[in-house]
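Below is one structure, written out as structure tokens, with a few remarks after it.
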Amino acid sequence: MFKHLFEPITIKGTTIRNRIMSTGHDTGLPTDGVVNEALVAYQEARAAGGVGLIVLQVSGVHETARYTTHLLMATEDHCIDGYRQVAEAVHRHGATVFAQLFHPGREILEAPEGMAPVAYAPSASPNERFHVMPRPLNHRMIREVVSGFGDAARRMWLAGIDGVEIVASHGYLPSQFLNPRVNRREDEYGGSLENRLRFLREVMQDIRSKTSEDFIMGLRISGNEMDPEGLSEDESLEAIEALAGGLDYVNVIAGNSSSTGGAIHIVPPMTVKNAYMAPFAAKVRKRIRIPVFVAGRINQPQEAEAVLSNGQADVCGMTRALISDPEMPNKAMQGRVDDIRACIGCNQACIGHFQMGLPISCIQNPQSGREIVFKNLKPASRSKRVMVVGGGPAGMKAAVTAAARGHDVTLFEAQERLGGQALLAQLLPGRAEFGGLVTNLLRELELSQVQVRKGVRVDRQLIEQLDPDAVIVATGARPFEPDMVRDGEIQVVNAWQVLQGDVAVGSSVLVTDWRSDWIGIGVAEQLARKGCSVRLAVNGRMAGETIPSYVRDHSIAALHRLGVPIIPYARLYGCDTDTVYLQHTASGEPMVIEGVDTLVLCHGHAPDMTLSEALDASSIHAYFIGDCLAPRTAEEAIYEAVKVASTL
Ligand code: SF4
């Protein structure tokens, strides 16, 4: 089934056991700039799961490279021990490990103690996304940074890391030198292509001079930075061709950190096509003689196999697939493809956590990034009869986790179908992949010993009658109906009714969005695509304020193309026959929206308290998880499910 995926590849005498790679991605796990136990455990889990190559997250090569306050730093010899530990852990399981050498140039997200950073770049070209004006590097600093790359590589080589990858992707410092719109220097580092390549050539030379002959050195570069100011496809190809002779591999991706549109491609959300950079990798592969790696929404082994068998690339980056299921390579090799917990491209707990300054995880796999906390879910000391009420993500996950520990579990669902609100979330435009969360959980249930009873509404009497040892309640939430002044016949509906097609929406719609998450922007997009004239009023400072930025920005771009006006700082006050009254959340002044025939409420949810209230007066102890505890997202629901089920 996977003829190409599991074929080893040898680079400079190092054999990588298969073509699956975990690309360099910030985990947020290190706390003081060096590899720690949590990062070793995280990477070891992927190595044990069968990945071929792990590229470690970026490591700063110079003091001025600290783009976040928790960046790994390879600037002092004391870092060697940490790299050695992770190298040994990865090697123990037969995988290969490279490390990324990094300088962000002007792409500085944050500085210590909340101060504005001093950033260095080839020229004083402003960064649009972080609003940073860099200081041009002088010759002394260029020499220092170049030497920093070589010194960092030497430390990694001494630690037993198999190779290094120079990060020239996403508009970071090497790319800033390459880009004539950012590099406006008039000395030997700017102007002609040869001059703009000079910085990278010096870096490559320095690394070679400080490591051994067989030490692998690759380059990561964006094939297209996806922004008018970023590197174009032709410019990237030109640079790759010029540099390939001195490299051992090239790793291509898309995107640029310095603009909102370009940054979406750093971790492309589910709305972006699968394996979309493979055609560019194929172009590169035709022009150079070294292996070409590619990443970008390659979520399933079947997709990776297609890229490889089409001759588009030599190795596939499948990072989020490995965050979601570290065992993915082993399962694919054993032909157990249906058992893979496929990543759904939601970006919520992986890059989403990074953007909040938190350690990495996965909404479907809370053990990810918490390998030490959830180390081996131990079998229960005594098998208990466990009753799980509610068959949404929380209930399904709680049931399979408890069953995996040896409990006798029955899952009850009032509807005829399992999946809860995830079944609605998948109806939002471009979010069909979210339904994969239910598919994955259904498969876990199928493989478990859980008994499932659908179409059964559980009440206190049923619990008393069955008398289980433990009850987990995961009955979810209902749409929240806000208080508002109503005077007239305007049609008022909620997001669920629209998504389920239960109502006939008019031609002039106002969507009011209290939570500023996926639902308001999704419903607005769906109705605009159906031809309605739509306005979106959000309670937050921007639409999608509470969701990961790459997902939000992709959706906001879609709304902009569709001509949907967005009204921020808007609190719903009331409505009459054809007018909706809002209040500015900062000034308190009225905002009047006229000519509305349908008001769609996206006002979040209220917990389903039915069972909680019924059990209140009894002696039955129950655990409440997910939205019935407090309405949030699938991430909290699944996390709480694992947490509770692991303690029973
Ligand atoms: Fe994939 Fe979402 Fe998990 Fe990230 S959080 S790895 S995008 S399923």
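The values are calculated or read from the model by the stated rules, or taken from the named source; none is laboratory data. All of these numbers come straight from a predicted model, not from anything done at the bench. Quick reminder, even Gly has a Cβ in these numbers, built from the backbone with ideal geometry, and neighbours come from all protein chains shown. In case anyone asks, the SASA skips ligands and DNA or RNA and just uses the protein heavy atoms, side chains included. Shrake-Rupley method; radii C 1.70, N 1.55, O 1.52, S 1.80 Å.
Assorted remarks:
- For the chain, the Cβ-based charge dipole about the Cα centre amounts to some 1420 debye (Lys, Arg positive; Asp, Glu negative; other atoms uncharged).
- Size check on the stretch 485-603: the Cα extents along the three principal axes, sorted descending, read 40, 35, 22 Å.
- Modelled FRET efficiency - R0 41 Å, R185 with S309, Cβ distances, 0.05 increments: 0.40
- Using only side-chain charges placed at the Cβ, +1 for Lys and Arg and -1 for Asp and Glu, the dipole size of the stretch 485-603 relative to its Cα centre rounds to 400 debye.
- Over 28 Å between alpha carbons, listed pairs K210/K331; K331/K375; K12/K286: K210/K331
- Helix 436-447 vs. the chain, principal-axis angle (Cα, 0 to 90°, nearest 10): 80 degrees
- Couplings for the stretch 597-603, taken from phi via the Karplus curve 6.51 cos²θ - 1.76 cosθ + 1.60 with θ = phi - 60°, read 9, 9, 10, 9, 8, 10, 10 Hz in order; Gly and Pro are left as x.
- Among V456, T319, Y569 the positive-end extreme of the charge dipole of the chain (Cβ point charges): T319
- Label-point gap, in nm, between V592 and R92 - each point 7 angstrom along Cα→Cβ: 7.1 nm
- Each of T610, H4, N251 was scored by the projection of its Cα onto the charge dipole of the chain, and the greatest displacement toward the positive side belongs to H4; charges sit on the C-beta of Lys, Arg, Asp and Glu.
- Tail fraction, Cα-Cα pairs, the stretch 9-355, threshold 26 Å, whole percent: 44 percent
- Structural descriptor for the stretch 9-355: relative contact order 16 percent, calculated from alpha carbon pairs under 8 angstrom and at least 6 residues apart.
- Extension reserve of the A617-V485 stretch, reckoned as 0.36 nm per residue once the Cα distance is removed: 43.9 nm
- Counting only DSSP beta bridges whose two residues both lie in the stretch 9-355, roughly 10 percent are antiparallel.
- Remark: relative contact order (the chain) = 11 percent; criterion is Cα-Cα distance under 8 angstrom and separation of 6 or more residues.
- By accessible area, using a 1.4 Å probe on protein heavy atoms only, the chain has 49% of its surface on carbon and sulfur.
- Prolate is the label for the stretch 449-504, because the ratio a/c of its alpha-carbon gyration tensor axes (a ≥ b ≥ c) is 1.5 or higher and a/b is greater than b/c.
- Cα shape, the chain, gyration tensor, a/c 1.5 rule: oblate
- Surrounding net charge for A119, when Lys and Arg each add one and Asp and Glu each subtract one, Cβ distance under 9 Å: +1
- DSSP beta bridges in the stretch 485-603 [antiparallel fraction, %, rounded to 5]: 35 percent
- Net +/- balance of residues flanking I625 in space, Cβ distance below 13 Å, scoring K and R +1, D and E -1: -2
- Förster-model FRET efficiency, 25 Å R0, M542 and A124, C-beta, rounded to 0.05: 0.30
- Loop trypsin sites (Lys or Arg not before Pro), the stretch 459-544 (other Cβ atoms within 10 Å of the site Cβ: 12 or fewer; DSSP): K530, R541
- Note on M115: accessible area approximately 120 square angstrom, rounded to 10, probe 1.4 Å, nucleic acids and ligands left out.
- Accessible-area value, K375, 1.4 Å probe, nucleic acids and ligands omitted, Å²: 140 Å²
- Projected onto its three principal axes, the C-alpha set of the stretch 260-341 covers 37, 34, 16 Å, listed from the longest axis down.
- For the chain, calculated [θ]222 nm from helices alone, where every DSSP H run of n ≥ 4 adds -39500 (n - 2.57): -9000 deg cm²/dmol
- Qualifying GluC sites (Glu not before Pro) in the stretch 227-294, DSSP loop, other Cβ atoms within 10 Å at most 16: E229
- Estimated from the Cβ-Cβ distance and a Förster radius of 41 angstrom, the FRET efficiency linking Q497 and D408 is about 0.55.
- A simple count of charges around L445, restricted to other residues whose Cβ falls under 14 Å of its Cβ and scoring Lys, Arg +1 and Asp, Glu -1, yields +1.
- With Cα atoms, 0 to 90° folded angle of helix 233-243 axis to the chain main axis: 40 degrees
- Shape category assigned to the stretch 370-430 from the gyration tensor of Cα positions, a/c cut at 1.5: oblate
- The stretch 259-368, dipole about Cα centre (Lys/Arg Cβ +1, Asp/Glu Cβ -1), debye to the nearest 20: 520 debye
- With each label modelled as a point 7 angstrom along the Cα→C-beta vector, the M333-K3 pair spans 2.0 nm.
- With both residues required to sit in the chain, DSSP beta bridges show an antiparallel share near 20%.
- Accessible surface computed residue by residue for the chain, with neighbouring protein chains in place and a 1.4 Å probe, gives 39 Å² per residue.
- Compared with the dominant principal axis of the Cα atoms in the chain, helix 193-210 is inclined by about 80°.
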